[in-house]
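Novice: Dropping the structure in here first, questions after.
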Amino acid sequence: MPLCPPICFVVPVFLLSSFSYCKGADNVILERVNDHPQRLALLNEHATSFAKEGLRTLVLATRRLSAEEFQAWKQALMVAAATPTGPKKDEANARVAALVEQNLEVGLCLAARVWMCLRVRGGSCWDW
């Protein structure tokens, strides 16, 4: 399990289908994307160039879920919610995530400079 797992949420749309939206670091999200290898290589290249410039990357990906996939996810979510805290809950949450964090399509790749401000004698800001 990665140190910083992606954050995903599911949005039901009527009764026909739903959408899963996931956001996270490029190295976490891109391994869950189902896309043409050349496009993935290009996305990785851009993310690497952003990182070399000292920028943090954020990728937003999505996936359309069928009504059956949504129901399976919802049922697994209810089981996970009812599981007591501990290793079994972690396993149940991982099963829930696995249902929607696969075969994603990249929607957006962002790069941003992160500023860290510390109040030390007059307050100064440093790039981080």
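Laboratory data are not the source of any read-out in this text; all were calculated from the coordinates shown. Here the structure is a predicted model, which is why all the values come from computation and not from measurement. Counting neighbours? That spans all protein chains shown, and the Cβs are built from the backbone with ideal geometry, glycine included.
Novice: What number, in percent, do you get for the relative contact order of the stretch 4-116 if the mean sequence gap of Cα pairs under 8 Å and at least 6 apart is divided by its residue count?
Specialist: In percent, rounded to a whole number, it is 34.
Novice: Could you work out the local net charge near Asn44, counting Lys and Arg as +1, Asp and Glu as -1, over the other residues with Cβ closer than 13 Å to its Cβ?
Specialist: -2
Novice: For a quick check of your reading of the filter: which GluC sites (Glu not before Pro) in the stretch 1-93 sit in a DSSP loop and have no more than 10 other Cβ atoms within 10 Å?
Specialist: Here the GluC sites (Glu not before Pro) that fit, given the DSSP loop and packing criteria, are Glu53.
Novice: Set the Förster distance to 35 Å, then compute FRET efficiency between Ser17 and Glu53 from the Cβ-Cβ distance, nearest 0.05.
Specialist: With R0 = 35 Å, the Cβ-Cβ based efficiency is 0.35.
Novice: Name the lysines eligible as straight-distance cross-link partners of Lys88: C-alpha to C-alpha under 23 Å, and not fewer than 8 places from it in the same chain.
Specialist: The reachable lysines, counting only those whose Cα sits under 23 Å from Lys88, are Lys74.
Novice: May I ask you to give the average projected area over all directions of the convex hull of the Cα atoms of the stretch 7-127, in nm² rounded to one decimal?
Specialist: The directionally averaged projection comes out at 10.8 nm².
Novice: Dipole size in debye (nearest 20) for the stretch 7-127 around its Cα centre, Lys and Arg Cβ +1, Asp and Glu Cβ -1?
Specialist: Around 460 debye, computed over the stretch 7-127.
Novice: How large, in Å, is the stretch 35-78 by the Kirkwood hydrodynamic radius built from its alpha-carbon pairs?
Specialist: Averaging 1/r across every pair of different Cα atoms and inverting gives 13.3 Å.
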